[in-house]
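The values are calculated or read from the model by the stated rules, or taken from the named source; none is laboratory data. Just so it is clear, the model here is predicted, and its values are computed rather than measured. Please note: Cβ atoms are built from the backbone with ideal geometry, for glycine as well, and neighbour counts cover all protein chains shown. The accessibility values were calculated without ligands, DNA or RNA, using every heavy atom of the protein model including side chains. Shrake-Rupley method; radii C 1.70, N 1.55, O 1.52, S 1.80 Å.
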Amino acid sequence: MDPTTRGNLLRRCSTGPSDLILFAVGHHTSVNKTLDRLRVYVAHDLGLVDHGRHSVLWITNFPMFEWNDPEQRLEALHHPFIAPNPEDMNDLASARALAYDMVYNGVEIDGGSLRIYKCDIQQKVLEIVGISMEHVSGALIGNNDYVTIPRYLAG
């Protein structure tokens with residue numbers, strides 16, 4: 001990389017003298033998982049994790065689906081009964097789930113979600129992951145407008 005291009009890149013990344021810039025190529029799901037594992041490994045290896053500190057994190061805006069590369073299809077990130085964010089109804093394939101996780105010192109200690117209760121939305125979500133309503137109809141409770149799934153089936 002020539003000095004001008006390198007300088008521009010360093011400025012755009014707001015880097016300092018001891019910073020490390022990593023690039024990865026691939027599907028964003030696998031790239032994110034790989035870079036996350038590297039980040040955690042380096043933080044522990046360099047002693048940057050303060051084990052005496054209490055840190056709580058509330059995570060929201062999970063994607064509803066992730067790409068399954070071997071099967072070349074979308075699948076539910078958690079399960080296909082979590083309601084999509086109402087703001088994302090026009091593009092369910094990239095919708096955020098109405099779900100949360102609570103993390104304490106890097107360990108998930110709680111999580112939850114709002115279940116889908118409208119039949120038409122449930123059908124669209126199941127179609128995205130390749131499951132027919134007939135396949136789960138014995139497990140769903142409701143009528144043609146509203147639907148619910150028993151908690152023990154949804155996880």
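When the convex hull of the Cα atoms of the range 78-128 is projected onto a plane and the area is averaged over all directions, what value comes out in nm²?
Mean orientational projected area (the range 78-128, Cα hull): 3.9 nm².
Can you tell me how much longer the chain between HIS44 and VAL25 gets when fully stretched, taken as 0.36 nm per residue apart minus their C-alpha distance, in nm with one decimal?
4.4 nm
Hey, how many Å between the Cα centroid of the range 1-44 and the Cα centroid of the range 63-96?
Centre-to-centre distance over Cα atoms comes out at 27 Å.
Can you pull a Stokes-Einstein diffusion coefficient for the range 1-60 at 20 °C (1.002 mPa s), Rh from Kirkwood over Cα pairs, as a whole number of µm²/s?
After rounding, the answer is 148 µm²/s.
Which value in deg cm²/dmol, rounded to the nearest 500, describes the helix-derived mean residue ellipticity at 222 nm for the chain, given -39,500 (n - 2.57) per DSSP H run of n ≥ 4 and division by the residue count?
-8500 deg cm²/dmol
With r defined as the distance between the Cβ atoms of LEU57 and LEU9 and R0 fixed at 35 Å, what FRET efficiency is calculated, to the nearest 0.05?
That pair, LEU57 with LEU9, gives E of 0.70.
How big is the charge dipole of the range 14-96 about its Cα centre, in debye rounded to the nearest 20, if each Lys and Arg gets +1 on its Cβ and each Asp and Glu gets -1 on its Cβ?
200 debye
Could you state the angle between the C-alpha long axis of helix 3-12 and the longest principal axis of the C-alpha atoms of the chain, as a value from 0 to 90 degrees rounded to the nearest 10?
Tilt relative to the chain: about 50 degrees.
Quick one: P(r) of the chain from all Cα-Cα pairs, 5 Å bins, percents rounded to integers, in order of increasing distance.
Per 5 Å bin, starting at zero, the Cα-Cα P(r) for the chain comes out as 2, 7, 12, 15, 15, 13, 11, 9, 7, 5, 3, 1, 0, 0 percent.
Could you look at the chain and say what percent of its accessible area is carbon and sulfur, using a 1.4 Å probe and all protein chains?
Of all accessible area on the chain, carbon and sulfur atoms account for 55 percent.
Within the P(r) computed for the range 48-134, what percentage of the Cα pairs occupies the region above 15 Å?
Every Cα pair in the range 48-134 considered, those over 15 Å come to 61 percent.
Report, in degrees rounded to the nearest 10, the 0 to 90 angle that the Cα long axis of helix 119-128 makes with the longest principal axis of the chain.
Approximately 50 degrees, to the nearest ten.
Mind checking the per residue accessible area of the chain for me, 1.4 Å probe, whole number of Å²?
73 Å²
Can you give me the long-range amide H partners of LEU77? Hydrogens built in the peptide plane at 1.01 Å from N, cutoff under 5 Å, separation of 5 or more residues or another chain.
PHE65, GLU66
Classify the range 39-93 as rounded, prolate or oblate from the Cα gyration tensor: take a ≥ b ≥ c as the square roots of its eigenvalues, call it rounded if a/c is under 1.5, otherwise prolate when a/b beats b/c and oblate if not.
Oblate, because a/c is 1.5 or more while a/b does not exceed b/c.
Helix 28-45 sits at what angle to the longest principal axis of the chain, using alpha carbons and giving 0 to 90 degrees rounded to 10?
Tilt relative to the chain: about 50 degrees.
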